[in-house]
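Enquirer: My structure is below; once you've seen it, I'll send some questions.
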């Protein structure tokens, strides 16, 4: 009985060490200079064959949501899923904790999940040409975020919490959005040190109620 108990303990210890080793590998993103030398995978099948070696992925799919298998890529730092016809972003996106660059442009997303706030290494967020009406309050957790590209979305307000990024967020692109003067003024109050890019004359006003 004692030998059996010891054997079970050793098995569990081995599993713990194995997973601990996996996650320790993914504890911090690699430097940009090193990242740029990494291969850009365009085939998810090829990426899944070597999950620990995948730092950059450009998906070429047509799907309502990201494939579940993508969350096995624990070292992933750059993810491009542009023009993939995504309707929803899986809450598990927050498990890709090493992401520094996320491009979701040209999809059909209406919102971002609260778990986006778990991407604490994220520096660039591109969500242009979607249907996003609001950003989650958890956007304030992204203290390394320097650039948001949100142009051509029905995004007329920003969460109050985004003011926590006033000293880190350098630019937010809101071009091709029919912002009223008072809406822009409120954004400028929330982000006084951020460059807010807007279109001076926008033909999109007809889509909004008076």
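We did not get these values from a lab; they are worked out from the coordinates using the rules stated. From a predicted model like this one, the values you see are computed outputs, not experimental measurements. Positions of Cβ are generated from backbone atoms using ideal geometry, with glycine treated the same way; all protein chains shown enter the neighbour counts.
Enquirer: What shape does the stretch 65-170 have by the C-alpha gyration tensor, where a ≥ b ≥ c are the square roots of the eigenvalues, rounded means a/c under 1.5, and otherwise prolate means a/b greater than b/c and oblate the rest?
Expert: oblate
Enquirer: On to the next question. Separation between the residue 45 and residue 163 pseudo-spin-labels, each 7 Å from Cα along Cα→Cβ, expressed in nm?
Expert: 5.3
Enquirer: Tell me the label-point distance for the pair residue 68, residue 178, using the 7 Å Cα-to-Cβ offset, in nm and rounded to one decimal.
Expert: Once both label points are built, they end up 4.2 nm from each other.
Enquirer: Which of the three applies to the stretch 24-109, rounded, prolate or oblate, going by the alpha-carbon gyration tensor with a ≥ b ≥ c and a/c under 1.5 meaning rounded?
Expert: prolate
Enquirer: Please report 169, 184, 155 as a ranked list, fewest other C-beta atoms within 10 angstrom at the top and most at the bottom. Could you put the intermediate results ahead of the total?
Expert: Values: 169 25, 184 15, 155 22.
Taking fewest neighbouring Cβ atoms as first place, the list is 184, 155, 169.
Enquirer: Sticking with this one: So, in nm, how far is label residue 133 from label residue 185 when the simple model puts each one 7 Å beyond its Cα toward the Cβ?
Expert: Here the modelled spin labels are 2.5 nm apart.
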